[in-house]
Amino acid sequence: MVITVPDLLTKDQLAEAKELLHSAEWVDGRVTAGHQSAMAKNNEQIPEGHPAAEKVGDMILRALGQNPMFLSSALPLRIFPPLFNRYSGGQTFGTHVDNAIRQIPGTPMRIRTDLSATLFFEDPDQYEVGELCVEDTYGVHRVKLPAGSMVVYPSTSLHHVTPVTAGTRLCSFFWIQSMIRDDSRRSLLFDMDRSIQRLNGELADHDAARKSVVELTGVYHNILRQWAEM
Ligand code: NI
């Protein structure tokens, strides 16, 4: 399941974030790559723990915690502190798969990467190419979203970023450990939750139908109770 979360950040938040990120120092992106992906990776990153990265990272985490689309589709248990990268002058990231386990810097805590997220800071017309291409069983998803929007996809997917031939592609990326490890189970719960939310809105005035929605909501939570790992 590849999910788009539109408008995670507001225009004001984007402007503040970009100002902070532009003032930070950037280093070779291979610092956070595993051995195999280091060979494919050619971009720049802000070092982990940099004050600008932490400040914008906290803004992103707060926005995620209030975003129904993200919460319903990802069912997050832990979120890796957001990292930041940029591509320009033909830079690219060849096909790779993300590491399965990541240590959260400065803590003994590890996270299993069930989902990978990319949040875009520039509108698509601000740079040439630079698409995130995610391969799954349905083919290749080519993703390039408006500034402030985010894509979330299974970390099991092979993926790459096509060369940025003009302009600068600025993004945040991070990983999520979900309470529901299995992508197909998580998709089912997401579909069910969305249907219930829609029904709730449409049937608010019908007593009998409202009872059915309460029952359906019960089924949703009972499945979640069966499957959730914490
Ligand atoms: Ni990756």
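The values are calculated or read from the model by the stated rules, or taken from the named source; none is laboratory data. Quick caveat, the model's predicted, so the values are computed rather than measured. Quick reminder, even Gly has a Cβ in these numbers, built from the backbone with ideal geometry, and neighbours come from all protein chains shown. With ligands, DNA and RNA removed, areas are computed over all heavy atoms of the protein, side chains included. Shrake-Rupley method; radii C 1.70, N 1.55, O 1.52, S 1.80 Å.
The table below gives the values:
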quantity: For Glu44, residues with placed amide H under 5 Å, excluding near neighbours; calculated: Gly29, Arg86
quantity: Separation between Cα centres of segment 122-191 and segment 69-118, rounded to whole Å; calculated: 11
quantity: Shape category assigned to segment 183-227 from the gyration tensor of Cα positions, a/c cut at 1.5; calculated: oblate
quantity: Accessible carbon and sulfur surface of segment 184-224 relative to its total accessible area, %, 1.4 Å; calculated: 56
quantity: Segment Val97-Asp28, length gained on full extension (0.36 nm per residue, minus Cα span); calculated: 22.9 nm
quantity: Helix-only CD estimate at 222 nm, as mean residue ellipticity for the chain, using -39500 (n - 2.57) per DSSP H run (n ≥ 4); calculated: -11000 deg cm²/dmol
quantity: Sequence-separation-based contact order of segment 70-227, relative, with Cα cut under 8 Å and 6+ spacing, percent; calculated: 31
quantity: Relative contact order (%) - segment 1-144, alpha-carbon pairs under 8 angstrom, separation at least six; calculated: 20
quantity: FRET efficiency, His206 to Asp182 (Cβ-Cβ, R0 30 Å, nearest 0.05); calculated: 0.30
quantity: Å² per residue, accessible surface of segment 14-168 at 1.4 Å; calculated: 46
quantity: Heavy-atom accessible surface of segment 3-178: percent carbon and sulfur, 1.4 Å; calculated: 53
quantity: HN-Hα J in Hz across segment 52-59 - Karplus 6.51, -1.76, 1.60, θ = phi - 60°, x for Gly and Pro; calculated: 5, 5, 5, 5, 5, x, 5, 4
quantity: Between helix 183-202 and the chain: long-axis angle, C-alpha atoms, 0 to 90°, nearest 10; calculated: 60
quantity: Where segment 183-227 is the region considered: accessible area per residue in Å², 1.4 Å probe; calculated: 70
quantity: Sites Glu16 and His221, calculated FRET efficiency, Cβ-Cβ separation with R0 41 Å, nearest 0.05; calculated: 0.65
quantity: Calculated FRET efficiency for the pair Arg62/Ser88, C-beta based, R₀ 35 Å, to 0.05; calculated: 0.75
quantity: Whole-Hz couplings from phi, Karplus 6.51/-1.76/1.60, listed for segment 83-91; x for Gly and Pro; calculated: 10, 9, 9, 9, 10, 7, x, x, 5
